[in-house]
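Here is the structure we will look at, set down as structure tokens.
The values are calculated or read from the model by the stated rules, or taken from the named source; none is laboratory data. Everything numeric here is computed off the predicted structure, so don't read it as measured data. FYI the Cβ positions are ideal-geometry reconstructions off the backbone, even for glycines, and counts take in every protein chain you see.
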Amino acid sequence: MINEVIAVVLGYLIGSIPSAYIIGHLWGKIDLRQEGDGRISAAAVNRRLGKVPFLLVVIMDVGAGVLAVFIAKMLTDAPLDVFTDSQLAVLIAGFVAVVGHDWPVFLKFKGGLGATTIWGVLVALVWWQTLVVAASGFIVFLIIKRRRPGLITGLIIVALSIVLLVQSLVQGAPLILAVYPYILILLMVLKRFQVSKTNPQ
């Protein structure tokens, strides 16, 4: 049980590492908390500093999601083909990594939306399903040329959940994996609502 608790705590702390704030400070000597809506996000870095630092933040945020899940797997020896208490700890570790990104303890709980960390968590859990669906979504994004990443992310999450649901029904994969992407995306919705309430247009 202690390993499961450690996995969850580490998941939150890893997710709380404010990569956008760090890159903004080191690369551009700026404090993103004082910029725009104050969100500590890759998008804010892109607007202020450009593509290269933006990509660095994306890599760090995705890596945080991946690392949180991998560490939880190592600590709990959790198989993802059978639902166990250890597996639940892995899912919770991924969840709290996104919570950490959105409400990081290191920045007084002021973070980003968590989209990149969500992708890291999902890649670590169901890598090929996530990559296939995300690649398809990216192609759609290029075709329709709509700069609405939140909408595209939502559509990809729905598609991924459908794929995982089919896999659960056909191959007996844990059903909770089909629901899990929705649980993660709910954190994005809550964070966006909080931001819009704090910064009304």
Open item on the list: If I filter segment 138-151 for residues that are surrounded by fewer than 19 Cβ atoms within 10 Å (Cβ to Cβ), of a type in the set (Gly, Ala, Ser) and either at pLDDT 80 or above or in a helix (DSSP H, G or I) (or both), do I get at least one hit?
Closed with: yes
TODO: Output the residues belonging to segment 14-37 that are of a type in the set (Gly, Ala, Ser) and surrounded by 16 or more Cβ atoms within 10 Å (Cβ to Cβ).
DONE: 15, 16, 19, 20, 24
Open item on the list: Residues to consider are 123, 82, 99, 62; find the one that is at pLDDT 95 or above, of a type in the set (Val, Ile, Thr) and either farther than 22 Å from residue 193 by Cα or in a loop (DSSP other than H, G, I, E, B) (or both).
Closed with: 62
Open item on the list: Only one of 76, 116 is polar (S, T, N, Q) and either crowded, with 24+ Cβ neighbours inside 10 Å or free of Cβ contacts under 8 Å to residues at least 24 places away in the same chain (or both). Can you tell me which?
Closed with: 116
TODO: Note down all Cβ pairs under 9 Å where the first residue falls in segment 152-163 and is at negative phi and β-branched (Val, Ile, Thr), the second is crowded, with 18+ Cβ neighbours inside 10 Å and not in a helix (DSSP H, G or I), and they're at least six residues apart or on different chains.
DONE: 163/126
- [ ] Taking the options 98, 45, 105, name whichever one is buried (at least 18 other Cβ atoms within 10 Å of the Cβ) and in contact (Cβ under 8 Å) with a residue 40 or more places away in the chain.
- [x] 98
Task: Given (1) modelled with pLDDT under 80; (2) among the hydrophobic types (A, V, I, L, M, F, W, C); (3) in a helix (DSSP H, G or I), number of the condition residue 165 does not satisfy - done: (1)
Task: Sole residue being in contact with a Lys or Arg (Cβ under 9 Å, 6 or more places away or on another chain), surrounded by fewer than 22 Cβ atoms within 10 Å (Cβ to Cβ) and within 23 Å of residue 153 (Cα to Cα), chosen from 110, 51 - done: 110
- [ ] Go through (1) assigned to a helix (DSSP H, G or I); (2) without any contact (Cβ under 8 Å) to a residue 24 or more places away in the chain; (3) of a type outside the set (A, V, I, L, M); (4) surrounded by fewer than 19 Cβ atoms within 10 Å (Cβ to Cβ) and name the single condition residue 70 misses.
- [x] (2)
Open item on the list: For segment 159-178: of the residues being surrounded by 15 or more Cβ atoms within 10 Å (Cβ to Cβ) and hydrophobic (A, V, I, L, M, F, W, C), which is farthest from the chain's Cα centre (by Cα)?
Closed with: 173
- [ ] Quick one: which residue in 40, 59 is crowded, with 18+ Cβ neighbours inside 10 Å and within 22 Å of residue 94 (Cα to Cα)?
- [x] 40
